[in-house]
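Below is one structure, written out as structure tokens; the observations come after it.
The values are calculated or read from the model by the stated rules, or taken from the named source; none is laboratory data. Bear in mind that the values here come from a model prediction, so they are computed numbers and not experimental data. Glycine gets a Cβ as well: all are built from the backbone with ideal geometry, and neighbour counts include every protein chain shown. Note: accessible area is taken over every heavy atom of the protein model, side chains too, but ligands, DNA and RNA are not part of it. Shrake-Rupley method; radii C 1.70, N 1.55, O 1.52, S 1.80 Å.
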Amino acid sequence: MKIDTHLHSNFSDGKNTPEEMITAAIRKGLNVVAITDHVRKGTDWLDDYSHEIKRLKERYKKEIKIMCGIEAKVIDLKGNIDARDDFFDKLDIVLGAFHSIPSEMGFITEGDIQKQKVKALANWYKAMLAVLQHPRVNVIAHPTKILHEYGITLPRIMKVKIAKRAKDYGKVFEINIKHNVPDEEFLRILRENKVRMTIGSDSHSVVELEGIKYESFNNRSTCR
């Protein structure tokens, strides 16, 4: 089964409509996809978005399984995400993601991350353990991506703790094709702890989606 649970459309920062992304996914031979556009608490288009995905589910139900989802960033050390409670009943899947590293007063700046990598790692780790307990988050999107961007190595002991908590709370980890995370060691630890995994291309356009080579990634996922 070929799956991609991380696609974006022009409802947020993608270049194509949800339907264009869905028809491209069908051409790619995908069996399950999720449109997971970026949201914030102030997002005002979720009703239109969920209605459109519902329409597409019905139109293409014989060809592909479609999920209506969002990607929302972690916004604090308590693992809260940038989405309102009234969003969740309209969705099939919620991706929690780190686009910044939280601090006690907001987010650590890029300059401070470079200067205080130990603190940045500690804050990321604290927030990660917290978001794994978030009752509405289903999938951790592109895990460790932000750490890689700043050259921060996640110690094995932290990987093990994260994997155990993910298993305890039934969270799914994304194998992100675009950013090639998590690393092989982390993948092994996740498997050893029987954490479910899914594939996400993080595609933001039909052209990007059409260029994805799923073959080398789909046998690594355990989410069906």
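Here are the numbers:
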item: Pairs where the first residue, in region 155-179, is more than 17 Å from I93 (Cβ to Cβ) and the second is open to solvent by 50 Å² or more (accessible area, probe 1.4 Å) and modelled with pLDDT of 95 or more, C-beta under 7 Å, 6+ apart; result: R156/E185; K159/E185; K167/K194
item: Pairs with Cβ under 7 Å, 6+ apart, first in region 197-214 and at pLDDT 95 or above and small (G, A, S), second open to solvent by less than 10 Å² (accessible area, probe 1.4 Å) and assigned to a loop (DSSP other than H, G, I, E, B); result: G200/A141; S203/H8
item: Subset of region 33-42 [surrounded by 14 or more Cβ atoms within 10 Å (Cβ to Cβ) and free of Cβ contacts under 8 Å to residues at least 40 places away in the same chain]; result: V33, I35, D37, H38
item: Filter result for the condition that a residue is open to solvent by 40 Å² or more (accessible area, probe 1.4 Å) and among the acidic types (D, E), over D48, D82; result: D48
item: Search result, residues across region 21-50 that are assigned to a helix (DSSP H, G or I), under 18 Å from H8 (Cβ atoms) and of a type outside the set (A, V, I, L, M); result: T23, R27, D48, Y49, S50
item: Residue match in region 129-136 (condition: under 24 Å from D168 (Cα atoms) and β-branched (V, I, T)); result: yes
item: Residue in region 123-132 that is of a type in the set (A, V, I, L, M, F, W, C), touching a residue at least 12 places away in the same chain (Cβ under 8 Å) and surrounded by fewer than 19 Cβ atoms within 10 Å (Cβ to Cβ) present; result: yes
item: Conditions (1) among the basic types (K, R); (2) free of Cβ contacts under 8 Å to residues at least 24 places away in the same chain; (3) open to solvent by 70 Å² or more (accessible area, probe 1.4 Å); number of the one not met by R136; result: (2)
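Residues are listed down the side, and each one gets a yes or a no for (1) under 18 Å from the mean Cα position of the chain (by Cα); (2) crowded, with 18+ Cβ neighbours inside 10 Å:
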| site | (1), (2) |
| --- | --- |
| K2 | yes, no |
| T5 | yes, yes |
| S12 | yes, yes |
| E20 | no, no |
| I26 | no, no |
